[in-house]
Structures are given as structure tokens and as C-alpha cells.
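A.B. asks: Mind looking over this structure? Questions follow.
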Amino acid sequence: MAAPNSRFYRSNSARDSKHHHKNHSPPPPPSFPDDFSEKQMECAGSWDAIEWTKVEPVSIPHGMSDLLLEAEEVLVPGYGVVLVNTDEAGTLLVTNFRLLFVSEGTRKIIALGTIPLATIEKFSKLVMKPPSTSHPSDKSRSRRLLQIVGKDMRIVVFGFRSKTKQRHNVFDALWRCTRPAGLRDLYTFTWGPSKYHNSNPKVRLLNEYVRLLGISGSRRSFEDEPVTLSNEWWRISGINSNYTMCPTYPSSLIVPKYISDEEVQQACTFRAKCRLPVLSWCHSGNGAVIARSSQPSVGIMNSRSTADEKLVAALCTGATLARGSRRKLYIADARPRKNALANGAMGGGSESSSNYFQSEIVFFGIDNIHAMRDSLGKLRDYVDTYGSNPSDGMSSFLRNGGWTWGGGNLSSMSASVSTLGDTGWLIHIQNVLAGSAWIAARVGIEASSVLVHCSDGWDRTAQLVSLASLLLDPYYRTFAGFQALVEKDWLAFGHPFSDRMGTPAVLGDEAVPLELSRQASTANVPASPMRNSSGSSFTLQSNSLSHGQTSSPIFLQWVDCIAQLLRIYPFAFEFSTGFLVDFLDCVLSCRFGNFLCNSEKERQQSGVPDACGCLWAYLADLRVSGGSSHAHYNFFYDPLKHEDPLLPPAASLAPTLWPEFHLRWACPSEAQFGEIESQCWTMSRKLTEMQKAKEVAEKKAKDVSTSMEALVMEMRKEKQLSSSAMDLAKNACRESSAIKRAIQSLGCKVQFSSSGECTLDIGGTPPEIQQKFVNFTKDGSVQWEEKSDVSVSISITAGNAVPNNPLSRACQTLCPLSSREGGCKWPDAGCVQLESQFVGLKANFDAFDQLSIYDRYFDHS
């Protein structure tokens, strides 16, 4: 394999200078020697004074090329590395896509120690020293550790050999590879589209618009043609086709039919980031809609906009209720009320119901991105501390002398439960679910329209709008619908994935690299909340690098909400929780280009759809390869069971930890809920195989039965023929016996020759008696001759030879029972028929007539 791609290591190449601003080039990583001390840190004075080193490319370790993905290259290897979580030794490889850990014994990839570079949230150098109470000889030894904290709920620690630079080299490679200089330095561009080609996402969005508006027969490619589709109340507008009106909105928008593009242009200026109210989902039955926008620019002066008020009012004009009353409009502000008021001081704020006709303002009280980021971090530390594979290698049962969770101390157990509550994650999930269910109920039950916004309208707004649409529309609970939902409400409407996930963003012609906050602390940095409590075994010193303050797990939180709904309604979703986990892993890894950049505009300008592989095509290929029993399919899915909207009551919205995602690294044995579905699929496959075998067996049995019936019919026919033949044979035997007795009564002798002929001789005839015998000529004439005795000849001939035999013709001529039409009347005439052979009796009946009983038994002399 070729040498590793050098673009991960150069900072002043021609291409970088062409596409990236020089101020955006990543600084070289700080070189921390393994024996770097606090005193040396203080003397350094600043990060810029630290010595910089360069990582040189290396060849692929022997026997590991088969473990690499397409276009994946090894940058730095580390040998004899120990995964502290499981105390397993192996080889650690830094590639251009991931951190790869291979077991030393089995030479297989260890999933816990293998993490994509884009999934790494922060990494730290740790020095683990024995506590003061340990043996004096142990105090001189310390372990060189590297802690990796992932966005996917994992915390892993690798231990390196002392007196080597392996940890330094790995840390240096991670520094460079996890914060690339530009978007095209990501692995997905190196890999390319491969076989997972991406179709035009703008066309897919238009097709979803057509479905929402119920415009039949209009789904097409939409390539290079203006879109002017509409129904009775709504139209698809191309006013943002060049992204000039709103850079973070899609090129096509659904707006009220009777609002002109000029009025739309005027209304957008009153909303933050020009994100004006537009339709997101429409109820096909009652006509109610879900719309989205950003906060209005009310400010402390309570400013108003006639164009904005007219546009918002038009959200209700499209569907007058049957009773003639005007539809009510709810304006759902996702923020806490105090936050909305605080934004008013900065030019934002919230609407006033007095300015929007027949409207009601509702605040959901969902916290901002910073609260969500901190909450997930606490939850990650919690499961790492109390999990079975903690990052420090110590079982939670033994921590603090066994007086933690599972140690039998009820107070400590209660404390750990309160620690879970202190994370706040489940409360945030519940708030998002409750807000979405409230929106769905207003639209589905009251037939009211709802306008949803937060501050900028791309975080909490996306969560609420998409989740409410999923509750109302069964189509979004299928694979195809889920893709359409994500592409519409998250990708097209500008959720800033680049900022939230910490990947490079594109602004104009410049690439903004990932910013990592640098932390150098001389204090102890606990890896988990309770890790440094009394009785802790180790002291940790760290030098860490982490992402900036714009990252937040907003999209992960939304997927978590779907997993909670799938738990409540297991029959309503075509996909399984396993699909959601794999989907999140693909999103966080940045292996595909679908979730790069911050908006549709940036992805189009960067050429992402054409240059990168498609996540949806990859997941679809997995399902095709696995068949209908693939783990991504929900075994319990029943589309007929939940054809109507899902409207969960508040009491059912009690979220729990999502085992398949939250616990899969820290508690792998307890995160096996997906195994239930796997076992069900296994049983289903076996049942299907048994049903197929049963069908084959039934078919064979049916064929055998049919054959048996045919044989029975044939046997019956043969039996009937045999019975007829037996009857004929019996009749022939009786007739033959009668003839024989009659002939013998005349003193004749019956003789049978080997050729089958039978001859009757009448012996002892007086010489004076003359008998006439019939002589049959070849032409069939009859001649009478005088003979001294009388003989009767009986011959057996084949039935098909009778018509051509002169004797037979003579027999038929002389037979008194022959019909006028000719032909033999045997056996009705007394002839004997045995099977396919006819027995003909050829005799001179006149000679018998001339004999008298006296000629035989009495002597006239």
C-alpha cells in the first residue's frame, strides 16, 4: 500500500494556500514528553514555547492490511499497548480514518478500542501514579496513559510502555488528524463515493414536498426545470434557489399560495438569520400544518412586521374548519420564558399574541445546546464510573472499598441513583418528547396549526418539528420515510452539523478548521464524577485537548427520543434500535458526506454529494445483503396496528437509559436488548425454513398421492380386464371340456402336437364306411373327397391372422352363425377365445352328418 497521505501532516502546501486562509492552518501539536512534569510546564510559560515534533509516515504492520477499509492508511503504530478498560494487550494503529486496536492474541479488531477520529471528542495524556499508601518500590513506577473520550458514550484508556515515545507519537498523530485543516482533508473525500453513490438531495426534498402537498403524478427528477407546483392552499417557491434570501434554508420552500415572493422576501427580514415561517408538514385530513422559523426580531422596543404577521396568519387561512370557524394558531417557543425575554435585550425575543390573530404563545422550557452538552458529559461519566468496563480498569463493585453501587451500602446506592438524576439527560429527553407530543395532539386532535421556533430555529426547533411529524405520519416511521424526514427537517433546513459535531465548516471560499480548546492543568483532572473520592487508587495528571463550545449532541438527543418512542410503541416502526445505533455511528464517524457542513448551500458549494459516499445507500446495502431478517428490521413491526397518529399520554413519557447506545461500552452484557430481536429473527428464520420444508414435503406428498391414485385406477382397470379375461377363460375351459367330451363320446382321440395343433382321430371305423373330408384350396374353394376314416383338425391361430387364412375364410363361409355382413361371431358362435388368441375349430360337419350311430356302434354285416 502507498505511503500515508501527506496532507494530514503538511500545513503550507500549494492546495492549502489556495483553498484555506493561512490563519486557519492548524498549529503543530504540542510535544509532551512522557516525563513532562508540572515544573516544566510552568517554565514553558506558554503553549507556543513547547517543542514541536513531526510524525513520519510508516508502513503497514505485517498481517494487518486485511483489517483496513478501502483507502485507509496507517499513520502511526503502537505496539504492546494495553486497553486498560479490559486489561487486553494489542497493537494500536492511528489511521487516516480511525484509531484501530487489534488484539495481540486473536489478531482481531477490538470494538471498544476502535473509534473513528471524527467520533473522538477529546483526548488526554494521563500519568497514573500509585497512591502514597502503596509499597515504596511501586512508587518509582508510573504508567503512561492516553485517555480517549468519544461522542458515542465511551471512555477508553490505553497504557503504553515506559521509556518509549509511542504515546507521544500517537498523541501527536491524533492532534493533527482530529483537527484537519480543511473539509477535504477528511477521510470521506479520500475514500470517495465508491459504490455508495449519492443522488441529488435537492430532488429528494422536492419529491417529499410533492408527497406532503398530495400532488398526484408529479414525482419526477426535477432536473434543470423550474418548480411551480402547488395545491389549493400551498405552493413550492424557488425564491431561495440561489440561497440569497436565507443561506441556511433549502433552495425550495413551501409557502402559502396567496403570499407572493415579494411579501416572502419582506417577511424574512423580521426573523433571526432570515429564517422566516415556512411549512414543514401538512395534515392530509384536517389541513392543519406544522410550520417552523427562528425567533422574531422584536427587541426591547417590541417591533412588529406587517409582512411577517400576514405570512403567519396565512398558515391558518388554508383550511377553514367545517363549522366555518377560523383555525387556531399556536406559536410554540421551545425556550424557557426567561431565556426568550433575555434574547429580547439582544434584538430577539418572542411574539405577542395580540399581534397575531387568534394565536396563543406556549413556552416549552427546553434548555440550550450548552446544557445538553454538559448533561451528556455527566451521563457518560456516570456510566463509565458505574459500568463493568470502566476506563480506569477498576470494577465498580470494588471502588472505594466496595462501598459504591452494588457494594451493599444503601446510602451509596441511593447516591449513585441521584448521580444519574443529576446528569439531567432523562429530564431533557422527557421535555423534548412532551413538547413534540403536545404539538402532535394540537394538530391531530384540535386540527390547529402550530408554528415552532427557538432562537435560531435549527436546534430545538428541528427536534420538535421532526419528532411531531414522526408521531403524526406513519410514513416517517419506515426506512424511506425516516430518510426523507432527516433530509428535510435536519439537513435541508440547516441544522449546523459541522458546528455541533466539531468537523470543518465551509464559509465562502475559506475552510474553517475544527477548533479544539487547549487545557493544561497542574491539578488533578478526574475522569469521572466520583473517581477521585476518598479511597481512590490513583492520582491523575492530564494534558488534554477537547472540542470548542459550539459542539452539542442535539441530533443524538433526537435519535434517543425516537428510541424511547420505539420502546413505547414496538409495533409502529419498521426499523429497529439496532438501525438507530448504526445510523448514529455512521453520522458521528463522518465516513459519509451526508452530514458534513452546516447547510445545504455549503454542501452544494463543496461538492459533497458528488465527492463523498452516501450513508443511506450504505445502510440500504446492508439490509439487502442481510435479507428481510437483517438486524435493522424491527421484528415486531405491524403497519396495520398503528395507521393513525401516535399520541402518547404524558404518563407514558417516562424515559429510561437507552441500553443499546448508552451502555454498550460500559456495560456490554447489560446492553443486549437487541439480542432479543436477534433471537426472534433467528427463530423466525428457522420457522420460515421449517415452513418451506413443510411446503416441499406437502408438495411431495401430494405428488405421491396423485401418483398412487393414478396407480390405483390403473390397477382397477387391470383388475377389471383380468376379471374379464378370467371369465372368458373359464367359459373357454367349459366349452373346451364340453367339446372334448362330445368328441370323446364319438370315440375320437384328441392329440396335441408341439406346434400347438390339435388332431382328433376316429379309430376302428369299418372299412366299408366312407367319409367325405373337406379339402380347402388356396383360393378358398371347397372340394369333397372320400376317405376311409373321419378326422377333425383343430388349430390355434393368432386373431389377426384369421382374415387371411383360407381355412378361416372357409370356416366363416360354412359357419351357420355367420352374419350377412360377414365376420366371425366368436365367442357368441361357440368359439373359444383365450386372451389374444382365437381357437378355431375346422371340421367337416357334413361328414359328421352322414355318419350314423349305427355306422359306429352296430355292424350291418
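A.B. asks: Hey, can you tell me all the residues within the range 584-611 that are outside any helix (DSSP H, G or I), over 27 Å from Thr244 (Cα atoms) and not hydrophobic (A, V, I, L, M, F, W, C)?
C.D. replies: Across the range 584-611, the qualifying residue is only Arg591.
A.B. asks: Let me ask something else. For Gln358, state whether it is touching a His at 6+ places or on another chain (Cβ under 7 Å) and open to solvent by 10 Å² or more (accessible area, probe 1.4 Å).
C.D. replies: No.
A.B. asks: So, one more: Go over the candidates Thr706, Thr688 one by one and state the one that is within 23 Å of the chain's Cα centre (by Cα) and more than 30 Å from Thr86 (Cβ to Cβ).
C.D. replies: When all the criteria are applied, what remains is Thr688.
A.B. asks: Do we find that Glu88 is more than 14 Å from Gly150 (Cβ to Cβ), open to solvent by 10 Å² or more (accessible area, probe 1.4 Å) and not aromatic (Phe, Trp, Tyr) in this structure?
C.D. replies: yes
A.B. asks: Of the conditions (1) open to solvent by 20 Å² or more (accessible area, probe 1.4 Å); (2) over 33 Å from the mean Cα position of the chain (by Cα), His283 fails just one. Which one is it?
C.D. replies: Of everything listed in (1) open to solvent by 20 Å² or more (accessible area, probe 1.4 Å); (2) over 33 Å from the mean Cα position of the chain (by Cα), His283 misses just condition (2).
A.B. asks: Now for a different question. Give me the residue from the range 108-143 that is modelled with pLDDT of 90 or more and in a loop (DSSP other than H, G, I, E, B) and, out of that set, least open to solvent (accessible area, probe 1.4 Å).
C.D. replies: Gly113
A.B. asks: Hey, does the range 301-310 have a residue that's basic (Lys, Arg), farther than 23 Å from Cys246 by Cβ and touching a residue at least 40 places away in the same chain (Cβ under 8 Å)?
C.D. replies: There is no residue in the range 301-310 that is basic (Lys, Arg), farther than 23 Å from Cys246 by Cβ and touching a residue at least 40 places away in the same chain (Cβ under 8 Å).
A.B. asks: So Thr706 clears everything in (1) over 30 Å from Asn389 (Cβ atoms); (2) of a type in the set (Ser, Thr, Tyr); (3) open to solvent by less than 60 Å² (accessible area, probe 1.4 Å) except one condition, right? Which one?
C.D. replies: Of everything listed in (1) over 30 Å from Asn389 (Cβ atoms); (2) of a type in the set (Ser, Thr, Tyr); (3) open to solvent by less than 60 Å² (accessible area, probe 1.4 Å), Thr706 misses just condition (3).
A.B. asks: Just the residues that are in contact (Cβ under 8 Å) with a residue 40 or more places away in the chain, polar (S, T, N, Q) and in a helix (DSSP H, G or I), please, taken from the range 612-643.
C.D. replies: Residue satisfying the conditions is Ser629 alone.
A.B. asks: Additional query: Taking the range 650-692 as the region of interest, how many residues are among the aliphatic types (A, V, I, L, M) and surrounded by 16 or more Cβ atoms within 10 Å (Cβ to Cβ)?
C.D. replies: Number of matching residues: 5.
A.B. asks: If you don't mind, another one. Please go through the range 63-78 and give me each residue that is at negative phi and either touching a Phe, Trp or Tyr at 6+ places or on another chain (Cβ under 7 Å) or surrounded by 15 or more Cβ atoms within 10 Å (Cβ to Cβ) (or both), ordered by number.
C.D. replies: Met64, Leu67, Leu68, Leu69, Glu70, Glu72, Glu73, Val74, Leu75, Val76, Pro77, Gly78, listed by residue number.
A.B. asks: Of the residues that make up the range 187-203, is at least one farther than 20 Å from Asn594 by Cα and at pLDDT 80 or above?
C.D. replies: Looking for residues that are farther than 20 Å from Asn594 by Cα and at pLDDT 80 or above, one finds none in the range 187-203, hence no.
A.B. asks: Then there's this: Please list, ordered by first then second residue, the pairs with beta carbon atoms under 8 Å, 6 or more apart or interchain, first in the range 554-572 and farther than 10 Å from Leu467 by Cβ and touching a residue at least 40 places away in the same chain (Cβ under 8 Å), second surrounded by 23 or more Cβ atoms within 10 Å (Cβ to Cβ) and among the small types (Gly, Ala, Ser).
C.D. replies: Pairs that qualify, where the first residue is farther than 10 Å from Leu467 by Cβ and touching a residue at least 40 places away in the same chain (Cβ under 8 Å) and the partner is surrounded by 23 or more Cβ atoms within 10 Å (Cβ to Cβ) and among the small types (Gly, Ala, Ser), are Ile554/Ala462; Leu566/Ser576.
A.B. asks: Within the range 228-256, track down each residue that is farther than 23 Å from Val298 by Cβ, in contact (Cβ under 8 Å) with a residue 40 or more places away in the chain and part of a loop (DSSP other than H, G, I, E, B).
C.D. replies: Residues satisfying the conditions are Glu232, Trp233, Tyr243, Pro250, Ser251, Ser252.
A.B. asks: Only one residue in Ala480, Ala437, Ala468 is under 28 Å from the mean Cα position of the chain (by Cα) and without any contact (Cβ under 8 Å) to a residue 12 or more places away in the chain, so which one is that?
C.D. replies: Ala480
A.B. asks: Right, something else. Sort out which residues of the range 239-280 are of a type outside the set (Ser, Thr, Tyr), closer than 17 Å to Glu600 by Cβ and open to solvent by 40 Å² or more (accessible area, probe 1.4 Å), and write them in order of number.
C.D. replies: Residues satisfying the conditions are Asn242, Pro247, Lys273, Cys274.
A.B. asks: Could I ask something else about it? When the range 48-88 is examined, which residues are found to be small (Gly, Ala, Ser) and modelled with pLDDT under 90?
C.D. replies: Listed by number, the residues that qualify are Ala49, Ser59, Gly63, Ser65, Ala71.
A.B. asks: Mind checking which residues of the range 424-461 are outside any helix (DSSP H, G or I) and among the β-branched types (Val, Ile, Thr)?
C.D. replies: Correct list: Ile445, Val450, Val452.
A.B. asks: From (1) modelled with pLDDT of 90 or more; (2) open to solvent by less than 10 Å² (accessible area, probe 1.4 Å), pick out the condition that doesn't hold for Gly299.
C.D. replies: Only one criterion in (1) modelled with pLDDT of 90 or more; (2) open to solvent by less than 10 Å² (accessible area, probe 1.4 Å) is unmet by Gly299, namely (2).
A.B. asks: Just checking, does the range 321-332 include any residue being buried (at least 18 other Cβ atoms within 10 Å of the Cβ) and either at positive phi or not assigned by the TED database to the domain that holds Leu471 (or both)?
C.D. replies: no
A.B. asks: I need the full set of residues from the range 354-391 which are modelled with pLDDT of 90 or more and either assigned to a loop (DSSP other than H, G, I, E, B) or among the aromatic types (Phe, Trp, Tyr) (or both), in order please.
C.D. replies: Ser354, Asn355, Tyr356, Phe363, Phe364, Gly365, Ile366, Asp367, Asn368, Tyr382
A.B. asks: What's the number of the condition Ala89 fails, among (1) of a type in the set (Gly, Ala, Ser); (2) touching a residue at least 24 places away in the same chain (Cβ under 8 Å); (3) not in a loop (DSSP other than H, G, I, E, B)?
C.D. replies: So Ala89 meets the others, but not (2).
A.B. asks: Please find, among Thr419, Thr423, the residue that is open to solvent by less than 20 Å² (accessible area, probe 1.4 Å), in contact (Cβ under 8 Å) with a residue 12 or more places away in the chain and either closer than 16 Å to Pro336 by Cβ or in contact with a helix residue (DSSP H, G or I) (Cβ under 9 Å, 6 or more places away or on another chain) (or both).
C.D. replies: Within the list Thr419, Thr423, the selection yields Thr423.
The values are calculated or read from the model by the stated rules, or taken from the named source; none is laboratory data. Because the structure is predicted, anything quoted here is derived from the model rather than measured. Cβ sites come from the backbone with ideal geometry, for glycine too, and all protein chains shown count toward neighbours. These accessible areas exclude ligands, DNA and RNA; they are computed on the full protein's heavy atoms, side chains included. Shrake-Rupley method; radii C 1.70, N 1.55, O 1.52, S 1.80 Å.
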